[in-house]
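Just below is one structure, and these are the notes that go with it.
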Amino acid sequence: MAHIPAATLGNKNKKHFLGVPAPLGYVAGVGRGATGFTTRSDIGPARDANDVSDDRHAPPAAKRKKKEEEEEDDEDLNDSNYDEFSGYSGSLFSKDPYDKDDAEADAIYESIDKRMDEKRKEYREKRLKEDLERYRQERPKIQQQFSDLKRNLIAVSEDEWANLPEVGDSRNKKQRNPRAEKFTPLPDSVLSRNLGGDSTTAIDGRSGLASMIPGVATPGMLTPSGDLDLRKIGQARNTLMNVKLSQVSDSVAGQTVVDPKGYLTDLQSMIPTYGGDINDIKKARMLLKSVRETNPYHPPAWIASARLEEVTGKLQMARNLIMRGCEQNPQSEDLWLEAARLQPPDTAKGVIAQAARRIPTSVRIWIKAADLETEPKAKRRVFRKALEHIPNSVRLWKAAVEMENPEDAKILLSRAVECCGTSVELWLALARLETYENARKVLNKAREKIPTDRQIWTTAAKLEEANGNIHMVEKIIDRALSSLSANGVEINRDQWLQEAIEAEKSGAIKCCQAIVRAVIATGIDEEDRKQTWIDDAENCAKEGAYECARAVYGFALSEFPSKKSIWLRAAYFEKNHGTRESLETLLQKAVAHCPQSEVLWLMGAKSKWLAGDVPAARGILSLAFQANPNSEDIWLAAVKLESENAEYERARRLLAKARASAPTPRVMMKSAKLEWALNNLDEALSLLDDAVKVFPEYAKLWMMKGQIEEQKDMLEQAAESYNGGLKRCPNSIPLWLLLAALEEKRNLLTKARSVLERGRLKNPKNALLWLAAIRIEIRAGMKDMANTLMARALQDCPNAGELWAESIFLEARPQRKTKSVDALKKCEHDPHVLLAVSKLFWSERKLQKCRDWFNRTIKIDPDFGDAWAYFYKFEQQHGTEQQQHELIERCNAAEPKHGEEWCKVSKDIANWCFKTEEVLKAVVRNLPTPI
């Protein structure tokens with residue numbers, strides 16, 4: 001095998017396309033499915049065109065080379081190398097020949113472009129015209145801006161043209177008058193020399209600086225040494241200012257006119273300041289000017305322009321603008337009123353007088369003219385002048401009448417009702433000023449002129465009532481309704497009721513009652529009458545119209561005499577807003593129509609009893625027995641009446657009859673309680689033993705039995721009674737609490753905890769049982785255990801106000817406020833939480849806040865006795881006797897029955913005869929002051 005040189009082998013393996021130019025349109029890798037991508041070299045460097053080039057520190061040779069390259073680029077980019085189709089870069093096909101096909105294609109494209117250009121020509125020209133017009137409106141030529149001023153030059157006379165100053169007159173006036181006195185301010189450099197401790201304080205009179213100060217060059221003004229002492233000048237200036245301020249600080253009468261201390265402050269406050277952007281002001285001023293020039297007959301544009309200048313502090317410009325607006329729009333009363341407002345008082349009178357001449361029928365302008373006058377005589381003169389021009393203006397007549405005395409007012413009103421015959425107010429005002437006979441005539445004329453107004457009729461009824469003609473009141477109201485209906489006026493029931501309320505407030509009681517009786521049944525369906533009338537009475541009572549409410553109840557009871565609910569509402573109304581006599585009269589009628597209603601009988605008996613008439617109360621109860629035999633409430637009311645009046649034997653006999661005829665648990669309990677209160681413990685226990693056998697499900701019997709045994713120190717028997725009661729009444733929370741307290745009293749804490757735990761199992765989510773367990777731990781000194789129980793309790797009862805109130809004072813003092821906020825979020829309207837917050841403010845000595853929160857507490861729950869007790873103790877320490885007395889009266893009216901501290905006293909058998917005030921004072925004695 002022949003030897004083949006290596007070079008020959010290399011030429012054989014060499015590809016034929018290496019070193020050969022790529023064919024036209026060749027893209028590398030496109031046959032293999034590759035896609036193109038962009039690199040940094042394609043889009044250029046990541047540098048802004050204005051950035052400094054990286055070669056700023058390059059050597060001079062490189063800089064020269066780059067400069068030559070830039071020059072070559074500039075030569076390539078000149079106009080000779082520009083191609084319309086390809087630009088400066090040259091065409092990609094510049095080397096190819098331009099043949100016939102290319103020319104034909106270019107001709108086709110050119111024809112298409114021309115066609116498309118013709119289609120868009122009309123739209124393009126229209127768009128160009130609109131843009132040009134918009135541009136001219138936004139940026140008008142100077143010639144257009146001054147066109148209106150040029151037109152006004154027609155009115156300039158030859159003399160005015162001749163008197164026009166030359167261009168440089170005002171500018172060069174001082175230069176043309178060399179004799180004018182010149183004042184040059186003292187340089188700061190001279191004053192700055194005085195800042196140092198040892199620097200000079202005088203100016204040499206012979207120096208050039210002395211000549212800058214007027215009067216210094218005068219020999220008489222120089223000091224003996226020839227120097228001017230600047231310090232003495234400053235002291236003299238301050239002394240002179242103090243003298244001037246002292247001279248004007250007090251008037252002859254001794255009243256201060258100028259406050260020297262606030263002098264500069266007052267001056268600063270006189271300068272109007274505007275906090276907005278100055279560009280916004282300029283823009284607003286330009287826009288308003290454009291509006292004024294576009295439509296000078298638009299008054300709001302002038303008013304807005306003047307107010308803009310007023311806000312920015314240019315008051316004189318505002319006045320000038322508004323007066324120009326008045327010249328353009330002399331019939332605009334808004335412009336004249338604005339001009340009068342902007343002018344000082346003396347000038348404003350002239351402006352408003354001119355306005356009155358231009359618009360003599362403007363009521364507002366005449367009233368403004370009267371307001372500008374200070375003397376009543378001048379005001380009356382203005383009003384009378386105004387009425388000559390506008391005799392039918394009710395507003396002017398009313399204003400004029402108010403300025404006159406009664407006799408002159410009567411004359412004016414008689415003329416006013418002739419000019420303004422349809423004004424009800426003027427007729428009524430005239431009727432009030434006239435005598436009774438004349439007033440009747442005036443009202444009759446008014447009814448003829450205005451047959452559709454109800455106020456004239458009601459005024460006539462009030463007039464008759466005021467003069468003692470009570471029998472005429474009802475007739476007038478009936479005629480009013482028939483006359484108004486005949487004249488097509490709708491009888492609006494609500495409006496007439498409101499008219500009745502107004503009549504009562506004016507003292508016309510018979511009139512208001514007549515109106516109520518006349519319209520109360522108007523426009524109501526048969527089935528809605530009862531509820532509607534009850535709502536009407538309540539609304540009248542809310543507005544303080546008690547006679548109207550009484551009239552509504554009276555009418556309702558006449559229609560529904562056997563409805564117990566209406567009688568009860570009427571009775572409660574009389575109890576709250578009436579007298580004892582009115583209440584008793586009503587109750588007598590009530591029991592006559594509803595004899596089976598025990599509540600009405602009891603209310604009557606209680607009213608007599610509170611008035612001290614015990615025999616009358618007994619008589620009412622005996623009648624109640626006849627109407628309601630074997631009624632438990634009446635039996636117990638009779639027992640209470642006798643026991644409260646120390647008639648214990650009568651009470652015992654009544655209870656014995658009740659047990660024989662109506663043996664109920666309450667009768668048994670009241671029997672045992674009477675014996676317990678009279679300290680007959682054995683008799684009471686005997687009654688309770690019999691009672692629990694007959695009524696074992698009544699928990700109060702077991703509770704009383706255990707408490708009496710505790711009082712006799714029979715603790716074992718008491719525990720057995722409580723346990724026996726819990727077997728029968730496991731849901732009685734007071735029984736669980738009494739048993740736990742008994743075990744704690746016997747020093748059996750573990751057993752007490754067990755009792756409460758069993759109670760919580762029987763009665764889950766009960767806040768009182770949790771609270772008792774927490775307090776046992778607190779009394780035992782187990783603060784940590786109490787906090788743990790409190791956390792569990794709040795998880796079990798998250799909305800229990802008793803627990804949240806207790807938790808506030810379990811915290812340390814710094815954390816109490818935060819805890820109170822959490823409590824209020826959870827129980828916003830709970831009286832226990834509100835009371836705890838009140839006590840918290842009390843402990844912090846925030847007395848006014850404490851009083852406010854106490855008031856809020858008793859308003860939310862007036863039956864919560866603890867709040868009344870703490871409030872009264874607070875008033876004893878920090879209030880007045882008047883406040884204490886008012887609080888006692890409010891508490892007596894509320895008659896609270898509940899509350900932990902309250903019930904400890906009120907339920908104590910030793911205090912069984914205590915009234916509300918006595919219970920309150922007894923509770924306060926045992927209350928601690930919050931700390």
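The values are calculated or read from the model by the stated rules, or taken from the named source; none is laboratory data. These numbers come from a predicted model, not from an experiment. So basically every Cβ, Gly included, is an ideal-geometry build from the backbone, and we count neighbours across all protein chains shown. In case anyone asks, the SASA skips ligands and DNA or RNA and just uses the protein heavy atoms, side chains included. Shrake-Rupley method; radii C 1.70, N 1.55, O 1.52, S 1.80 Å.
Amide H contacts for residue 312 (H built 1.01 Å from N in the peptide plane; partners 5 or more residues away or on another chain; cut-off under 5 Å): none found. Take the Cβ atoms of residue 104 and residue 28, set R0 to 51 Å, and the FRET efficiency comes out at 0.90.
Here the 3J(HN,Hα) profile of the range 865-881, calculated from phi with Karplus coefficients 6.51, -1.76 and 1.60 at θ = phi - 60°, is x, 4, 5, 4, 5, 5, 5, 5, 5, 4, 5, 5, 8, 10, x, 9, 5 Hz, Gly and Pro shown as x.
Other residues lying with their Cβ under 14 Å from the Cβ of residue 566 contribute a combined charge of +2, Lys and Arg counting +1, Asp and Glu -1.
Pairs over the 18 Å Cα-Cα cut-off, from the set 657/897; 745/904; 349/385; 608/897; 510/542; 563/608: 657/897; 608/897; 510/542; 563/608. Ligands, DNA and RNA left out, the 1.4 Å accessible surface of the range 317-361 is 48% carbon and sulfur atoms. When the Cα centres of the range 319-346 and the range 812-886 are compared, how far apart do they sit, in Å? Going from one Cα centre to the other spans 61 Å.
If you wrap the tightest convex hull around every Cα atom of the range 278-438 and split its volume per residue, you get 120 Å³. The figure for residue 361 is an accessible area of roughly 100 square angstrom, using a 1.4 Å probe on the protein chains alone. Note on exposure: 365, 491 ranked by accessible area (1.4 Å probe, complete protein assembly) read 491, 365, with the most exposed listed first. Please report the net charge: other residues with Cβ closer than 11 Å to the Cβ of residue 716, K and R +1, D and E -1. With Lys, Arg at +1 and Asp, Glu at -1, the neighbours total -3.
A protection proxy built from the mean count of other Cβ atoms within 10 Å ranks the segments 719-728, 611-620, most packed first, as 719-728, 611-620.
For residue 521, the amide hydrogen comes within under 5 Å of no other amide hydrogen, counting only partners 5 or more places away or on other chains and with H modelled in the peptide plane. Other residues within the sphere of radius under 13 Å centred on the Cβ of residue 335, judged by their own Cβ, net out at +4 (K and R +1, D and E -1). For the set 593, 829, the ranking by accessible area, highest first and with no ligand, DNA or RNA atoms included, is 829, 593 under a 1.4 Å probe. For the range 839-930, the direction-averaged projected area of the alpha-carbon convex hull comes to 5.4 nm².
Determine the shape class of the range 451-560: with a ≥ b ≥ c the square roots of the Cα gyration tensor eigenvalues, call it rounded for a/c under 1.5, and otherwise prolate if a/b is greater than b/c, oblate otherwise. The shape class here is oblate. You can think of it this way: the chain between residue 358 and residue 824 has 161.0 nm of extra reach, that is 0.36 nm per residue less the Cα-Cα gap. The packing ranking of peptides 562-570, 513-521, 375-383, 663-671, highest mean first, is 513-521, 663-671, 562-570, 375-383, where packing means the average number of other beta carbon atoms within 10 angstrom of each residue. According to the calculation over all Cα-Cα pairs in the range 744-882, the P(r) per 5 Å bin from zero is 2, 10, 18, 19, 18, 14, 11, 5, 2, 1, 0 %. Assuming R0 = 45 Å, can you tell me the calculated FRET efficiency for the pair residue 151 and residue 112, based on Cβ-Cβ distance, to the nearest 0.05? Working from the Cβ atoms, E equals 0.30. Of the residues 126, 530, the one with the largest accessible area comes first in the ranking 126, 530, computed with a 1.4 Å probe on protein heavy atoms. Rolling a 1.4 angstrom probe over the range 451-560 with all protein chains present gives an accessible area of which 45% lies on carbon and sulfur atoms. About its Cα centre, the dipole of the range 839-930 is roughly 280 debye, where the only charges are +1 on Lys and Arg Cβ and -1 on Asp and Glu Cβ. Estimated at the nearest 10 Å², the accessible area of residue 334 is 70 Å² with a 1.4 Å probe.
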